[in-house]
Amino acid sequence: MDFMTDQDVQKYREDGYVVLDGLLTAQECDELRQRMSEIVDRMDVPEHCRTTFSTYHDEQLKTQGNADYFITSGDKIRFFFEKGVFDDKGEFIVPKQRSVNKVGHALHAYEPLYKKVTHSPNVQGIAKKLGLSTPVILQSMYIFKQPGIGGEVTPHQDATFLYTEPLGRVMGLWIALEDATVNNGCLWFIPGSQNSGISRRMVRTPEGTFPLTDFIGREQTYDEEKFVPTPVKKGGVVLIHGEVVHRSAENMSEDSRHVYTFHIMEAQETRWSPDNCTSQV
């Protein structure tokens, strides 16, 4: 029996997202979390690379958008931090395990446990069910959503950062390694918003210019009442169309919300923009 049903496919195509329970077992989730804990324990981040991760338009240009550490992370494992975790000398003022916003963007290439999940039979089955004939992995991330300080992710579309011609060739798989709830920062979507194109693109600027990235266009203002909360049980996955508008709130609870997420592109008859940078979710 297929992991993804025809009804799931229909919901994905209509709403731009769908939740599928049970992609991973509880043990598999715990193993991925344990491995990430080991990676963070051993991380050695140079002071000048201690980059705070933000999803606000202007801050993206001033911080990670200007940092070579960020925009060259597509084939590496690098670390990005929450606000307020460093003092004015760049030293940690909170425990390392509680400081990280995300780790990206090539866990699927270098870490065997993450590679196994990314290329699992169920993931391959999802791609086949959705008609992908030549799926390729673009990037992967581990997102922490730290308790009490896990930052807001503002409304956005993944195709802003992972632009293709034609559009509609990119899908995110967002795997909850812990229960994702309204209290600890689950995703919120505007159903059907994948049908309206994209409002902005993040692009690399010409070599030798500053800042290193810029936006074409700006994110629209969205009606808050149109967003629908999407809780996910531990081990479940959300399939996210590249153009669907989604966000997540700050995590003000005492519970973390760890996630492993990666993006797939249908490569056949698709042009990947050389101006693309690294994405957020």
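The values are calculated or read from the model by the stated rules, or taken from the named source; none is laboratory data. Since we're looking at a predicted model, the values are computed, not measured. Backbone-built Cβ (ideal geometry, glycine too); neighbour counts: all protein chains shown. With ligands, DNA and RNA removed, areas are computed over all heavy atoms of the protein, side chains included. Shrake-Rupley method; radii C 1.70, N 1.55, O 1.52, S 1.80 Å.
Taken together, the residues in the stretch 106-119 that are without any contact (Cβ under 8 Å) to a residue 40 or more places away in the chain and assigned to a loop (DSSP other than H, G, I, E, B) amount to 2. Of all the residues in the stretch 136-185, those that are over 14 Å from the mean Cα position of the chain (by Cα) and farther than 16 Å from residue 258 by Cβ number 9. Quick one: residue 115 ticks every box in (1) open to solvent by less than 50 Å² (accessible area, probe 1.4 Å); (2) within 18 Å of the chain's Cα centre (by Cα) bar one, so which box is it? Failed condition: (1). Checking the stretch 255-273 against the condition returns a match, with at least one residue being aromatic (Phe, Trp, Tyr), modelled with pLDDT of 90 or more and either open to solvent by less than 20 Å² (accessible area, probe 1.4 Å) or at positive phi (or both).
Could you tell me whether the stretch 35-48 includes any residue that is of a type in the set (Gly, Ala, Ser) and modelled with pLDDT of 65 or more? Taking every residue of the stretch 35-48 in turn, at least one turns out to be of a type in the set (Gly, Ala, Ser) and modelled with pLDDT of 65 or more. Among the residues making up the stretch 200-225, those that are open to solvent by less than 60 Å² (accessible area, probe 1.4 Å), in contact with an Asp or Glu (Cβ under 7 Å, 6 or more places away or on another chain) and part of a strand (DSSP E or B) are 200, 203.
Within this structure, residue 140 fails the test of being touching a residue at least 60 places away in the same chain (Cβ under 8 Å), open to solvent by 60 Å² or more (accessible area, probe 1.4 Å) and among the small types (Gly, Ala, Ser).
Please go through the stretch 1-18 and pick out each residue that is exposed (fewer than 12 other Cβ atoms within 10 Å of the Cβ) and either of a type in the set (Lys, Arg) or modelled with pLDDT of 95 or more (or both). Quick ask: steps written out before the conclusion?
First, pick out the residues of the stretch 1-18 that are exposed (fewer than 12 other Cβ atoms within 10 Å of the Cβ): 1, 6-7, 10.
Answer for the stretch 1-18, where residues must be exposed (fewer than 12 other Cβ atoms within 10 Å of the Cβ) and either of a type in the set (Lys, Arg) or modelled with pLDDT of 95 or more (or both): 6, 7, 10.
So which pairs qualify, if the first residue must be in the stretch 10-39 and over 19 Å from residue 98 (Cβ atoms), the second must be among the polar types (S, T, N, Q) and part of a strand (DSSP E or B), the Cβ gap must be under 8 Å, and the two must be at least 6 apart or on different chains? Final answer for the pair search is 17/230; 19/230.
Filtered by the rule that a residue be surrounded by 14 or more Cβ atoms within 10 Å (Cβ to Cβ), at pLDDT 90 or above and not in a loop (DSSP other than H, G, I, E, B), the stretch 81-105 gives 98, 100, 101, 102, 103, 104, 105. Checking each residue in the stretch 14-28 for being over 18 Å from residue 259 (Cβ atoms) and under 20 Å from the mean Cα position of the chain (by Cα) picks out 15, 16. Specify which of the listed residues (170, 244, 228, 182) is out of contact with any His (no Cβ under 8 Å at 6 or more places or on another chain) and surrounded by 16 or more Cβ atoms within 10 Å (Cβ to Cβ). Within the list 170, 244, 228, 182, the selection yields 244. Where residues in the stretch 30-40 are open to solvent by less than 70 Å² (accessible area, probe 1.4 Å) and within 17 Å of the chain's Cα centre (by Cα), which of them is nearest to residue 175 (Cα to Cα)? Looking at the filtered set, the residue picked out is 32. Among the residues of the stretch 186-241 satisfying the criterion of being modelled with pLDDT of 95 or more and of a type in the set (S, T, N, Q), which is farthest from the chain's Cα centre (by Cα)? Result: 195.
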